Amino acid sequence: MTFDELDRWLDTYGRAWERKDVDGFVACFAEDAAYAWGPWDEPLSGHGEIRARTEQAVGTQMNIRFGHEPLAITPDGRGLARWWVSTKDPVTHAIEDDEGIFLVTLGADGRCTEFREWWNSRTR
């Protein structure tokens, strides 16, 4: 993986999230991808689980604004990136800001095979 490949993948991932395009979001991942949604949960496995969790998450988000910064490519070919997102709750209108780190493994076809994320949140 190169910085450019990681940056392109993150652009696609982020734009799908901003548009609440669940099909586009899931298409970023290989059919059998592992997606660790935070450090404590068991990784999601495959498109079905990734789709269900994404639909649940974006269903309560408005005004999504995503950004990212590729940081490094590890010796074993995984990408490390800083990310941030701002969303608005449709009921309370509170703004949630999240910022964290992604660890991304891309397959030969450019889709993610293994994904891990860590983040911190604040509500304002």
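Brief remarks on what is shown
- Single condition Glu96 does not satisfy, out of (1) in contact with a helix residue (DSSP H, G or I) (Cβ under 9 Å, 6 or more places away or on another chain); (2) surrounded by fewer than 18 Cβ atoms within 10 Å (Cβ to Cβ): (1)
- Count of region 38-58 residues, restricted to those that are in contact with a strand residue (DSSP E or B) (Cβ under 6 Å, 6 or more places away or on another chain), surrounded by 16 or more Cβ atoms within 10 Å (Cβ to Cβ) and closer than 21 Å to Ser86 by Cα, is 1.
- So Trp83, is it assigned to a strand (DSSP E or B), over 15 Å from Tyr13 (Cβ atoms), in contact (Cβ under 8 Å) with a residue 24 or more places away in the chain and among the aromatic types (Phe, Trp, Tyr): no
- From the list Gly77, Gly24, the one residue that fits, being part of a loop (DSSP other than H, G, I, E, B) and either under 23 Å from Ala108 (Cβ atoms) or among the charged types (D, E, K, R) (or both), is Gly77.
- The single condition among (1) under 12 Å from the mean Cα position of the chain (by Cα); (2) modelled with pLDDT under 95; (3) hydrophobic (A, V, I, L, M, F, W, C) that Ala36 does not meet is (2).
The values are calculated or read from the model by the stated rules, or taken from the named source; none is laboratory data. Small disclaimer: the values here were computed from a predicted structure and weren't measured. Because the Cβ atoms are built from the backbone with ideal geometry, glycine has one as well, and the counts that use them run over all protein chains shown.
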